[in-house]
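Here is the structure we will look at, set down as structure tokens.
The values are calculated or read from the model by the stated rules, or taken from the named source; none is laboratory data. Since we're looking at a predicted model, the values are computed, not measured. Here Cβ is always computed from backbone atoms with ideal geometry, including for glycine, and neighbour counts include all displayed protein chains.
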Amino acid sequence: MTKVRLPDGTEVPALGQGTWHMGERGSDRAREAAALRLGLDLGLTLIDTAEMYAEGGAEEVVAEAIAGRREEVFLVSKVYPHNAGGKRLEQALDRSLARLKVERLDLYLLHWRGSVPLAETVAGMERAIQAGKIARWGVSNLDVDDLEELGPALADCAADQVLYNLEARGVEFDLLPFCRSRGLPVMAYSPVGQGGRLLRHAALREVAARHGASPAQVALAWTLRAPGVISIPKAADAAHLRENAAARELRLSAEDEATLDAAFPPPKRKRALAML
């Protein structure tokens, strides 16, 4: 399996598991947890969640999924911007740890930028590392100027999680090169788009037909082609999970990439950072 190296040398799978929208309905939780466990069986051992997702419900699903298997998992969660400073950060982290039923996160991210100064958030993250509650920290939905504002602390940032898929390629203009030049991995959320529109596109269907694959597998393979990118699609059932995992074996040709570039042109200028 393709791995991505974090700044501290730790290697994680390039294809992980997202949990956005999990935990929203109690009737779905057993199925969602079972899908995450299957993902672990298939080597998708990076799991990304957040206190925002179902207001902690997704973290509870993850807790069920990783029970007895904590050592296999690279566990990521995210803090609300309004909780990202001072005592509120410590309290939010403690709540996430309690819901996840773990003592430490492998990576804790600022979910997006709010009114709390970045320096205050970084200071809180560093205190959490010293307390043994997180192994490393990172950010989400931060653009180049935000990352530059971190100053020397950027060297300690482990990842930037952003919207990245064929419909949202703006980060290729400057953010991806900026991060790559600094050995900072980018985590791609919603890599297959939202609402199914991307997967219905004729170009994706054409490339999928060439490989006997699904449009979703093509979309995932496209994100995985880029060095330093960790893709975190959500799969809430076994069939979908197996489909995602199989995308690791799909290699897009130059013809495939040309077809996709024609349909989804790469950016030629700076764009505002897209967010969901």
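Test Leu252 against the stated conditions and say whether it is touching a helix residue (DSSP H, G or I) at 6+ places or on another chain (Cβ under 8 Å) and either surrounded by 14 or more Cβ atoms within 10 Å (Cβ to Cβ) or not polar (S, T, N, Q) (or both).
On the way: touching a helix residue (DSSP H, G or I) at 6+ places or on another chain (Cβ under 8 Å): yes; either surrounded by 14 or more Cβ atoms within 10 Å (Cβ to Cβ) or not polar (S, T, N, Q) (or both): yes.
So Leu252 passes the test.
Of the residues making up the range 213-234, those that are under 11 Å from Val192 (Cα atoms) and among the aliphatic types (A, V, I, L, M) number 6. For Leu142, state whether it is in contact (Cβ under 8 Å) with a residue 12 or more places away in the chain and either part of a strand (DSSP E or B) or within 17 Å of Ile230 (Cα to Cα) (or both). Taking the combined requirement at face value, the residue satisfies it. When Val79 is tested against (1) surrounded by fewer than 20 Cβ atoms within 10 Å (Cβ to Cβ); (2) β-branched (Val, Ile, Thr); (3) under 25 Å from Leu40 (Cβ atoms), exactly one condition is not met: (1). The residue of the range 221-249 that is surrounded by the fewest Cβ atoms within 10 Å (Cβ to Cβ), among those that are more than 24 Å from Gly138 (Cβ to Cβ) and not small (Gly, Ala, Ser), is Glu249. Of all residues in the range 33-78, exactly one satisfies the criterion of being free of Cβ contacts under 8 Å to residues at least 60 places away in the same chain, touching a Lys or Arg at 6+ places or on another chain (Cβ under 6 Å) and under 23 Å from Leu142 (Cβ atoms), namely Glu59. When Leu42, Leu89, Leu93 are screened for being closer than 22 Å to Pro185 by Cβ, of a type outside the set (Val, Ile, Thr) and either buried (at least 23 other Cβ atoms within 10 Å of the Cβ) or within 13 Å of the chain's Cα centre (by Cα) (or both), only Leu93 passes. For the range 255-274, name all the residues that are surrounded by 13 or more Cβ atoms within 10 Å (Cβ to Cβ) and either modelled with pLDDT under 95 or among the hydrophobic types (A, V, I, L, M, F, W, C) (or both). Scanning the range 255-274 gives Leu260, Ala263, Phe264, Arg271, Leu273, Ala274. For the structure I just gave you, tell me whether Ala159 is crowded, with 17+ Cβ neighbours inside 10 Å, modelled with pLDDT of 95 or more and not in a loop (DSSP other than H, G, I, E, B). Yes, satisfied.
Scanning the range 171-192 for residues that are assigned to a helix (DSSP H, G or I) and within 17 Å of the chain's Cα centre (by Cα) turns up Val171, Glu172, Leu175, Leu176, Cys179, Arg180. Within the range 221-261, the set of residues being β-branched (Val, Ile, Thr), closer than 18 Å to Ala168 by Cβ and assigned to a helix (DSSP H, G or I) comprises just one member, Thr223.
When the range 181-206 is filtered for residues that are closer than 24 Å to Trp112 by Cα, exposed (fewer than 15 other Cβ atoms within 10 Å of the Cβ) and not hydroxyl-bearing (Ser, Thr, Tyr), the ones remaining, listed by number, are Arg182, Gly183, Gln194, Gly195.
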